[in-house]
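Asker: Before we start, here is the structure in question, set down as structure tokens.
The values are calculated or read from the model by the stated rules, or taken from the named source; none is laboratory data. In this text, all values refer to a predicted model and were calculated from it rather than measured experimentally. Cβ coordinates were reconstructed from backbone atoms using ideal geometry, including for glycine residues, and neighbour counts include every protein chain displayed.
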Amino acid sequence: MADDRFSVRIHVSAIDHATVMQEALQAWVGEVDVERSTFASHAGPTMLTLSVNLHRKADLRTAWSGLSAAALSSLLEDLAGRLDEEGAMHFRVGLDDLVAGRVELAPPGAPRSAKVRCKVAVYPGQTAEDRLREMIEAALV
């Protein structure tokens with residue numbers, strides 16, 4: 001559906017290799033456009049943010065199916081707890097795992113993680129939780 005969104009944002013520090021991070025991100029979500037934006041951090045060095053915003057159904061399926069089975073199962077178990085008041089689901093993916101080719105959930109408080117937000121369109125008779133559950137379960141098959 002055109003109103004579904006899957007967004008990933010990675011803050012790349014001055015000691016990270018931005019190209020490696022971008023390639024790892026694209027290995028997960030596919031060959032999509034990655035937006036690069038720079039800003040001055042409060043500590044001094046310039047920071048880079050890599051972000052992707054997926055809207056197409058095929059891109060959404062690629063992103064969901066790229067998550068490990070353990071990550072998908074964990075998201076299913078805690079789906080209600082990860083929803084915000086707008087019905088969007090939030091989670092983090094570990095950057096070290098991502099660079100190593102694994103897409104695993106980051107532990108709470110992990111300093112190096114990619115932020116993920118998934119918002120789905122909801123029509124009468126549907127809930128965001130049900131729609132997200134369907135997407136995750138389809139990726140587990």
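Asker: Looking at segment 74-84, which of the residues that are outside any loop (DSSP other than H, G, I, E, B) and of a type outside the set (A, V, I, L, M, F, W, C) is nearest to ARG133 (Cα to Cα)?
Answerer: GLU77
Asker: Scan segment 84-137 for residues that are aliphatic (A, V, I, L, M), out of contact with any Lys or Arg (no Cβ under 8 Å at 6 or more places or on another chain) and closer than 18 Å to VAL12 by Cβ and jot them down.
Answerer: VAL93, LEU98, VAL99, ALA100, VAL103
Asker: Taking ALA63 as the residue in question, decide whether it is under 18 Å from ALA139 (Cα atoms), modelled with pLDDT under 95 and not basic (Lys, Arg).
Answerer: So ALA63 does not fit the description; no.
Asker: While we're looking at this one, here's another question. In segment 37-83, how many residues are on the phi > 0 side of the Ramachandran plot and hydrophobic (A, V, I, L, M, F, W, C)?
Answerer: Adding up the residues that qualify gives 0.
Asker: Residues of segment 71-84 being surrounded by fewer than 16 Cβ atoms within 10 Å (Cβ to Cβ), touching an Asp or Glu at 6+ places or on another chain (Cβ under 8 Å) and modelled with pLDDT of 95 or more, which ones?
Answerer: Selection gives LEU76 alone.
Asker: While we're here: Looking only at residues in segment 95-126 that are among the β-branched types (Val, Ile, Thr) and not in a helix (DSSP H, G or I), which one is surrounded by the fewest Cβ atoms within 10 Å (Cβ to Cβ)?
Answerer: Only one residue tops the list, namely VAL122.
Asker: Could you count how many residues in segment 22-48 are modelled with pLDDT under 95 and within 14 Å of LEU95 (Cα to Cα)?
Answerer: 0
Asker: With respect to ALA40, determine if the residue is among the small types (Gly, Ala, Ser), over 15 Å from SER113 (Cα atoms) and out of contact with any His (no Cβ under 6 Å at 6 or more places or on another chain). Lay out the reasoning, then the answer.
Answerer: On the way: among the small types (Gly, Ala, Ser): yes; over 15 Å from SER113 (Cα atoms): yes; out of contact with any His (no Cβ under 6 Å at 6 or more places or on another chain): yes.
For ALA40, the condition - among the small types (Gly, Ala, Ser), over 15 Å from SER113 (Cα atoms) and out of contact with any His (no Cβ under 6 Å at 6 or more places or on another chain) - is met.
Asker: Another question, then. Do you know which residues across segment 85-94 are modelled with pLDDT of 95 or more and either under 18 Å from VAL20 (Cβ atoms) or not in a strand (DSSP E or B) (or both)?
Answerer: Scanning segment 85-94 gives VAL93, GLY94.
Asker: A follow-up question, please. Is there a residue being among the β-branched types (Val, Ile, Thr), without any contact (Cβ under 8 Å) to a residue 24 or more places away in the chain and more than 18 Å from ALA106 (Cα to Cα) anywhere in segment 62-76?
Answerer: Checking segment 62-76: not a single residue is among the β-branched types (Val, Ile, Thr), without any contact (Cβ under 8 Å) to a residue 24 or more places away in the chain and more than 18 Å from ALA106 (Cα to Cα).
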